[in-house]
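Working notes, structure below.
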Amino acid sequence: MDGAWHAQHGKLSDYCNHAPPLRSSGKKYDQTDAPLDSNTPVLPLSAIENIWAPFDDEVQFCLTDFLFQKVEMSQDDINDLMDLWALDLEKKCGSDAPFDNHEALYKAINEIRVSSAPWKCFQTIVPEDLSRDAPDWQKQSYQMWFHDPDVVIQNILANPDFANKFDATPYIHLNSDGQCCWSDFMSGNFAWHHSTQIYEANPNTKGAMYVSIILRSNKTTVSIATGNVEYYPKYDRDVAFRLFKKKLYHQSLTAILCSLVPAMTTPVVHQCPDEYYRHVIYDLGLYIVDYPEQVLLAGIVQGWCVKCTSPATNLNAPGDRHSRKHTKVLLDAFKNELDVLWDNYNIHEMLLSDLLHQVIKGSFKDHLVEWVYKYLVLKDGDKQLIAAIPPFPGLQRFPHGHRFKQWTGNDSKALMKVYLAAVAGYLPDSIMKALSAFMDFCYLVQRSDFNESNFSLPRQHAIVHYPSHIMEFSAPNGLCSSITESWHITTIKKPWQHSNHYNALSQMLLMNQCLDKLAALHMDLSSYLKKLVLMEWIHQSSTQLFACFIQQ
């Protein structure tokens, strides 16, 4: 056990066991795959002729970032601005504007090569022997656009912003009382057990850095006004169409993730945030989705639990865990010969409890708040108690009550802060105690770290699995779907609004690609300039020390 006690405030503090199942995991290498000593310094910063490339200078880059990302200026307005700029400069000094027009600005963005992950596409083929009376959806070809996940992971691993924020190995964290503590994903049992299984299956993975891949997907609408345009399979009453969509969904995931397969058995060399190279082994870790998509992924019936076999009619009844073995028994029993996407992975194990949709929005907002509201209407009439709360610093007011359309996770969290005070005195003591206990759980489960003695749970089935999830995957607040909820606006809604709404997908993809390129160049420039400042400081300090030594 290669552990270490860390001294803190003059006494023995927490104990972290970093002896990984992959044995000496995270060993450092150079770009040629030659092993390095653990104390080998990073190569010095090389000189770059133009750090702003492909832009001519800082003004061009900052202007592009301002116009395209911050103010989202239209193409015509960019053209007008450049014309006015050029006219003013021509009169004053005879020079040109930073760009001739919007095309020149977009061209510069497209030439950014930092962390580039181009879009890829595959398309379904319409069967040649299709009958004439086949429904329209069978005659249509469908496109799936995606980034190569292997390229995306390489870009994430090489991002210097994460230099002091990543673990090269799973670990076990014990506090001074000998209790296990769970905080980030690599402190969970899942990472430790899976890396053990990888090593036992292939000892040649010795020394590899364990990289668990966490997936996330969600449905959204591109039109807030009508809500009728979805970039996600639309639900229909046609049973055959619904089955087709499920197959297409699973086969699309198979095609998208296939580039990861080689590195799941044979380590590959990738650069890491600290600029060293390591042998990396991939593993499918978690899939974060809300319940409707969990049903689609796990292939269960709507209303069932994705984690256990408790019957939908009595979810509080005891049930065994779903597993690949259980699924195989069912497939054999029903003689199902279809291919299985998750043949090498337990999808039921991968599906994580969703803090936002199950607890904050699901159990609290959509269930408890609605139930209490209906109870109060029957008992006292519609008095809008929440709307009557006066303003107070740090608390959100709900002047129109809780029944408005665009409800977010942050709204639910804000409602939690004032809800008990608003309904106090209007509900029986038993209901108030239940609400109070549930609130305690809600705040407790949002902690960033846990140990064996600091969580207790109310009796509600969606929450029954949280203890095991915390031990397996660590604090759920860091693996919640709310992390990516805001991406709907940036990646879907705003690009849709800026498109011409006709065959808009290609326009939206290009906008997202430009935003990704600008963000990547931002991070690269920030990292380079920080190193430049540090090197200058070291040079000045060493020069001063040398001068003092000479004087002595």
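The values are calculated or read from the model by the stated rules, or taken from the named source; none is laboratory data. Keep in mind it's a predicted model, so treat the numbers as computed, not measured. With ideal geometry, Cβ positions are generated from the backbone for all residues, glycine too; neighbour counts draw on all protein chains shown.
Looking only at region 192-228, filter to residues that are at pLDDT below 85 and among the β-branched types (Val, Ile, Thr); which one of those is farthest from Ile281 (Cα to Cα)?
If we take residues in region 192-228 being at pLDDT below 85 and among the β-branched types (Val, Ile, Thr), then Thr226 is farthest from Ile281 (Cα to Cα).
In region 150-165, what residues are buried (at least 17 other Cβ atoms within 10 Å of the Cβ) and more than 18 Å from Ala519 (Cα to Cα)?
Within region 150-165, Asp150 is the sole residue that qualifies.
Being more than 16 Å from Val280 (Cβ to Cβ) and modelled with pLDDT of 85 or more narrows it down to one residue among Asn189, Asn159, Asn164; which is it? Break it down into steps so the answer makes sense when it comes.
Working: Asn159 fails: more than 16 Å from Val280 (Cβ to Cβ); Asn164 fails: modelled with pLDDT of 85 or more.
Of Asn189, Asn159, Asn164, the one residue that is more than 16 Å from Val280 (Cβ to Cβ) and modelled with pLDDT of 85 or more is Asn189.
Table: residues versus (1) assigned to a helix (DSSP H, G or I); (2) within 21 Å of Lys27 (Cβ to Cβ).
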residue	(1), (2)
Val152	yes, no
Asn155	yes, no
Lys165	no, yes
Pro170	no, yes
Ser176	no, no
Trp192	yes, yes
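Which of the residues that make up region 190-218 are among the hydroxyl-bearing types (Ser, Thr, Tyr) and under 24 Å from the mean Cα position of the chain (by Cα)?
Filtering region 190-218 for residues among the hydroxyl-bearing types (Ser, Thr, Tyr) gives 195-196, 199, 205, 210, 212, 217.
Correct list: Ser195, Tyr210, Ser212, Ser217.
Looking at Ile153, Ile172, Ile214 in this structure, which one is touching a Leu at 6+ places or on another chain (Cβ under 6 Å) and not hydroxyl-bearing (Ser, Thr, Tyr)?
Of the residues listed, the single one that is touching a Leu at 6+ places or on another chain (Cβ under 6 Å) and not hydroxyl-bearing (Ser, Thr, Tyr) is Ile214.
Do we find a residue being in a helix (DSSP H, G or I) and hydrophobic (A, V, I, L, M, F, W, C) anywhere in region 115-126? If you could, list the steps in order and put the result at the bottom.
Pass one, region 115-126, residues in a helix (DSSP H, G or I): none.
No.
Look through Leu243, Leu286, Leu248 and report the one residue that is outside the structural domain of Glu472 (by TED's automatic domain parsing), in a strand (DSSP E or B) and either closer than 24 Å to Phe162 by Cβ or at pLDDT 80 or above (or both).
Working: Leu243 fails: in a strand (DSSP E or B); Leu248 fails: in a strand (DSSP E or B).
Every option except Leu286 fails the conditions.
Which one of these is of a type in the set (Gly, Ala, Ser), over 30 Å from Ile213 (Cα atoms) and modelled with pLDDT of 90 or more: Ala47, Ala134, Ala108? Quick ask: steps written out before the conclusion?
On the way: Ala47 fails: modelled with pLDDT of 90 or more; Ala134 fails: modelled with pLDDT of 90 or more.
Sole residue among the options that is of a type in the set (Gly, Ala, Ser), over 30 Å from Ile213 (Cα atoms) and modelled with pLDDT of 90 or more: Ala108.
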